[in-house]
1. Would you call residue 264 more than 22 Å from residue 161 (Cβ to Cβ), of a type in the set (Lys, Arg) and more than 17 Å from the chain's Cα centre (by Cα)?
2. For the range 140-168, name all the residues that are outside any strand (DSSP E or B), out of contact with any strand residue (DSSP E or B) (no Cβ under 6 Å at 6 or more places or on another chain) and among the β-branched types (Val, Ile, Thr).
3. Filter the range 272-303 for residues that are without any contact (Cβ under 8 Å) to a residue 60 or more places away in the chain and in contact with a Lys or Arg (Cβ under 7 Å, 6 or more places away or on another chain); which is farthest from residue 37 (Cα to Cα)?
4. Inspect all residues belonging to the range 167-182 and state whether any of them is under 20 Å from residue 59 (Cα atoms), free of Cβ contacts under 8 Å to residues at least 40 places away in the same chain and aromatic (Phe, Trp, Tyr).
5. What residue, of 190, 254, 209, is hydroxyl-bearing (Ser, Thr, Tyr), in a helix (DSSP H, G or I) and farther than 18 Å from residue 35 by Cα?
6. Give me a count of the residues in the range 94-139 that are at negative phi, within 20 Å of the chain's Cα centre (by Cα) and not in a helix (DSSP H, G or I).
7. Look at the range 69-114 and say how many of its residues are crowded, with 23+ Cβ neighbours inside 10 Å, under 14 Å from residue 287 (Cβ atoms) and of a type in the set (S, T, N, Q).
8. Quick test for you: out of 58, 35, pick the one residue that is modelled with pLDDT of 90 or more, of a type in the set (D, E, K, R) and surrounded by 20 or more Cβ atoms within 10 Å (Cβ to Cβ).
Amino acid sequence: MLGKIFVLGCSVLLGAALVGGPSARAQDAGDLSAEAKAASFTNLQAVTITGNGQDAMEPFLTRDGKVLFFNNSNAPTVDTNLFWATKVDDLTFQLQGQIGGVNGSALDAVASMDLSNNFFFVSTRSYDTTLSTIYSGNYSLGSVSGPTIVAGVSPTRRGFVDFDQEISADGNTLYFTEGLFTGGSVPASSEVLIARRSGNGFVRDAHHSNEILRTINSTGRLNYAACTSPDELEIFFTRLNGKEPAILMASRTSTTKPFGTTEKILAITGFVEAPTITPDGRSLYFHRRNPEGIFSIYRVTRP
């Protein structure tokens, strides 16, 4: 299994090395209220997916807020597939079934979509031969047509795996996580990176990734599972720097500037990962291990 996909739900000792680089403080004036922004999220609540009787992980809300994509358990013994559910209210979704055109015998997980219904997901189906894991196709009414590898993203170096992704609302920027695997199911390191749209594919933007995402990647054993607000001025992500992962956020005043100081969202407790923000920016959804040991969707809200 992969990434946010690899460590989830595993009660193992992690021998991952710290991601390199010193801890950095924000230079962006828009980040002066980082702690207050993180503290504005409160009111942890469970979300119900009516008709779903299994784990629900890696949620993604469509850009109109009407559809929830998610996958079931990514445990090695489970066939991990993608599902969709329609919104009833903020805390209730109705399961519609598996997403057509994307699921197979390999792991298929971690969906996202832009405003033009370009659907992105992670699949291990061809990694052994292509060293690629991020696919895209066109989404319509619960089905995806023509899924193909997203060109230009994979480093095509064995051991490096792109295991998380989210496409920006405008479809021009792909935020993805790349891990180095040196043996076992947990990456030795992982970081969030950026690729920019170029024609029918994407081009890795290594230089700007390092600067724009400096505070996200400078601290923590593993940084992964990032999502951005529709205007890309806020980023939410998962950091593992101990026994349990946490969800953090950072902001900036312009898409040409780096993200500022990262702050943990203290209202989000327990074993949590994989945030997704609503179009209005007022609710943040994610998966959380509930008291019964099942991964379910939860949310927090801000004014």
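The values are calculated or read from the model by the stated rules, or taken from the named source; none is laboratory data. Keep in mind it's a predicted model, so treat the numbers as computed, not measured. Virtual Cβ from ideal backbone geometry, glycine too; neighbours counted across all protein chains shown.
1. No: the conditions fail for residue 264.
2. 156
3. The selected residue is 272.
4. There is no residue in the range 167-182 that is under 20 Å from residue 59 (Cα atoms), free of Cβ contacts under 8 Å to residues at least 40 places away in the same chain and aromatic (Phe, Trp, Tyr).
5. Values: 190 fails: in a helix (DSSP H, G or I); 254 fails: in a helix (DSSP H, G or I).
Only one candidate qualifies: 209.
6. Filtering the range 94-139 for residues at negative phi gives 94-96, 98-100, 102-109, 111-116, 118-130, 132-139.
Cutting the leftovers down to within 20 Å of the chain's Cα centre (by Cα) gives us 98-99, 102-103, 106-109, 111-116, 118-125, 127, 132-139.
If we keep only those that are not in a helix (DSSP H, G or I) as well, we get 98-99, 102-103, 106-109, 111-116, 118-125, 132-139.
Summing the residues that are at negative phi, within 20 Å of the chain's Cα centre (by Cα) and not in a helix (DSSP H, G or I) in the range 94-139 gives 30.
7. Going through the range 69-114 one residue at a time, the tally reaches 3.
8. Only one candidate passes the filter, namely 58.
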